[in-house]
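Have a look at the structure below, then the notes.
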Amino acid sequence: MKKYLLLCLLWLGFAANAQVDPTCYRITLSDKNNTPYSINNPSVYLSQRALDKRIRFNIPITEQDFPVNPQYLQQIKAVDYNIRVLCVSKWMNTVTIYCPDSNKLLQISNLPFVTDILPVANYELQNPDYAPAVHEDGVVPEGIHPAKDTVAPYDYGYGYSQIALHNGQMLHNEGFRGDGMLIAVFDAGWDGVDTSLLFKPLFENGQILGTRDLMPNRNNVFQGHAHGTLVTSTMAIMLEGTLVGTAPEASYFFIRSENPDSEQLIEEDFWAQAAELADSIGADVINSSLGYTTFVDFPQGNNTYADVNGVASIASRAATILGQKGVVVCISAGNDGANDWHYIGHPADAFDVLSVGAADAEGNIADFSSRGPAYDGRVKPDITSCGVATACIWPGDELGWANGTSLAGPVAAGLSACLWQALPDKTSSEIMQIIRESASFYQNPNDSLGYGIPDFYAAYQAHAHDGVTPYVLSATQVYPNPCTDHFSINASRPDVERIEVFSLDGKLVSNVIPGQHYYIKVDMSTAPAGYYTGRILYKGGQIQTFRVIKQ
């Protein structure tokens, strides 16, 4: 039997006006003082694969990479026996807890290192002792399976049109099929993958490197929901004549960050933790066919379009950082194009990611595909891929088709892994920009397709012989980065109207009006140490974005 469905776990809540009593809270911490972790011993919190990537791409290890101070966690838990840590974010320095007695919040808020407490969910954990153990690190097996010794093209079967839309079959024909690349998949569950005959070769070849279930009261990602099964099959399945995925030789790691039983703000916290886990295990690419707009089960957490700015959401901020830690981040744009919401959600609004809209195999935008731009005017979605009648595998090893940006995202994510395999000297940001520049509307983007349909083979051809020539993102340089008291920008044009720099909580920390100059100096002397995003606004409305670290 063949199946067909409109599919994507990007939710829109309706009619829920009544507030619900929270039991879960995000606690923001002030610092990482007296931490037992250090820059000199990063193997405690980063895998060797992640460390190798940091060295390879000159990505600094900073205090941001330190796990949350364990002494702070212990003091929070000591307030009451029923308090359980559900997840933590080392990048945001937050801890999300289950605390059924709201009277304990005052005692928590009085702890000297607590700066903010935000309600995020109303979970009922009947057995709180069963909350999952929280890990800040991850270990990946060292042996990623070897490449096959053939470059013969595949018989893609029903999957041909979705890969041919991007000329991905020609990239495969060059021998780039994802070998040596690690793709982390964030989703709600992978029903049946562990018993599937079609997925069995991935286990036998050592391509499934691990799983992590972040959900309370769950401990098996292969039960509970089938969304991840369909999503992963578009990348990983190798069944010639029926379906060949876009990265059939890549390795995979499954992370359940989505609660399939409810929709609450806490899932943005789980998404942030998943992003940090993907970084710590050294993932090269992530696919997240998840996103958040409003929350039917926790309406006080609802977002508005004004929040779709890349900084309002903890998940969006984490996605931005992940893209700068050496990971190509592919996020489904959402299925609200024909709904009242209409726009992308979180974390598709993040900086330095590829948010992916949905089109048919001819490149025509799907009515349901969520539209841009981001509220601050950035082009969104970034790119568009095949999310209409996309061939995939359902539980029970049944071939089926599905609609949704949930399918468009992994089609693009798999090919992104193949492209990075082909261009190993490029950084993650460079790979994402190369993909944008290969797209059909790069010179004239719009709010439906973004920069358009990427041509992954053209992207490879354009950069295959770069040698050691440095690739400069859109001809704009930001240096030094990290900076101390200032940084400079070498803009691509002299008609810069202004430069804006924002902290990760969305506050404007610098606004420079430079005049007619290519080289602009930006003062950061009064800004605290941390991660910042910025915009270069040109006359005529063009915008470039950048990021900078203040030490």
*Is the range 430-437 home to any residue that is open to solvent by 10 Å² or more (accessible area, probe 1.4 Å) and assigned to a loop (DSSP other than H, G, I, E, B)?*
no
*Output the residues belonging to the range 410-422 that are of a type in the set (A, V, I, L, M) and open to solvent by less than 10 Å² (accessible area, probe 1.4 Å).*
Val411, Ala412, Ala413, Leu415, Ala417, Leu419
*Provide a single number: the residues in the range 285-320 that are outside any helix (DSSP H, G or I), open to solvent by 10 Å² or more (accessible area, probe 1.4 Å) and of a type outside the set (Gly, Ala, Ser).*
8
*Just give me the residues in the range 112-141 being at pLDDT 50 or above, open to solvent by 30 Å² or more (accessible area, probe 1.4 Å) and either polar (S, T, N, Q) or part of a loop (DSSP other than H, G, I, E, B) (or both), in sequence order.*
Pro112, Thr115, Asn122, Glu124, Gln126, Asn127
*Sole exception among (1) under 23 Å from Gln544 (Cα atoms); (2) among the hydrophobic types (A, V, I, L, M, F, W, C); (3) at pLDDT 95 or above for Ala462, by number*: (3)
*Subset tally (residues that are open to solvent by less than 10 Å² (accessible area, probe 1.4 Å), within 21 Å of the chain's Cα centre (by Cα) and of a type in the set (A, V, I, L, M, F, W, C)) for the range 161-190*: 7
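Test Leu202 against the criterion of being within 22 Å of Leu419 (Cα to Cα) and part of a strand (DSSP E or B), and give yes or no.
Working: within 22 Å of Leu419 (Cα to Cα): yes; part of a strand (DSSP E or B): no.
Answer is no for this residue.
Listed here are the residues, each with its yes/no results for (1) over 26 Å from Tyr98 (Cα atoms); (2) in a loop (DSSP other than H, G, I, E, B); (3) without any contact (Cβ under 8 Å) to a residue 12 or more places away in the chain.
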position	(1), (2), (3)
Ile27	no, no, no
Lys32	no, yes, no
Thr35	no, yes, no
Ile39	yes, yes, no
Leu46	yes, yes, no
Arg54	yes, no, no
Asn58	yes, yes, yes
Ile61	yes, yes, no
*Would you please name the residue that is modelled with the lowest pLDDT, looking only at residues in the range 492-510 that are surrounded by 17 or more Cβ atoms within 10 Å (Cβ to Cβ) and part of a loop (DSSP other than H, G, I, E, B)?*
Leu504
*Enumeration of residues in the range 511-520 that are surrounded by 12 or more Cβ atoms within 10 Å (Cβ to Cβ) and either in a strand (DSSP E or B) or at pLDDT 85 or above (or both)*: Val512, Ile520
_Of all residues in the range 465-491 being surrounded by 12 or more Cβ atoms within 10 Å (Cβ to Cβ) and assigned to a strand (DSSP E or B), the one that is modelled with the lowest pLDDT_ = Gln477
_Of all residues making up the range 454-463, the number that are in a loop (DSSP other than H, G, I, E, B) and surrounded by 24 or more Cβ atoms within 10 Å (Cβ to Cβ)_ = 1
_Condition (residue is within 30 Å of Lys90 (Cα to Cα) and either free of Cβ contacts under 8 Å to residues at least 40 places away in the same chain or of a type in the set (Ser, Thr, Tyr) (or both)) applied to the range 201-220: is it met by at least one residue?_
yes
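The values are calculated or read from the model by the stated rules, or taken from the named source; none is laboratory data. These numbers were taken from a predicted model, which means no experiment stands behind them. Neighbour counts run over all protein chains shown; Cβ positions are idealised from the backbone, glycine included. Ligands, DNA and RNA are excluded from the accessible area calculation, which covers all protein heavy atoms including side chains. Shrake-Rupley method; radii C 1.70, N 1.55, O 1.52, S 1.80 Å.
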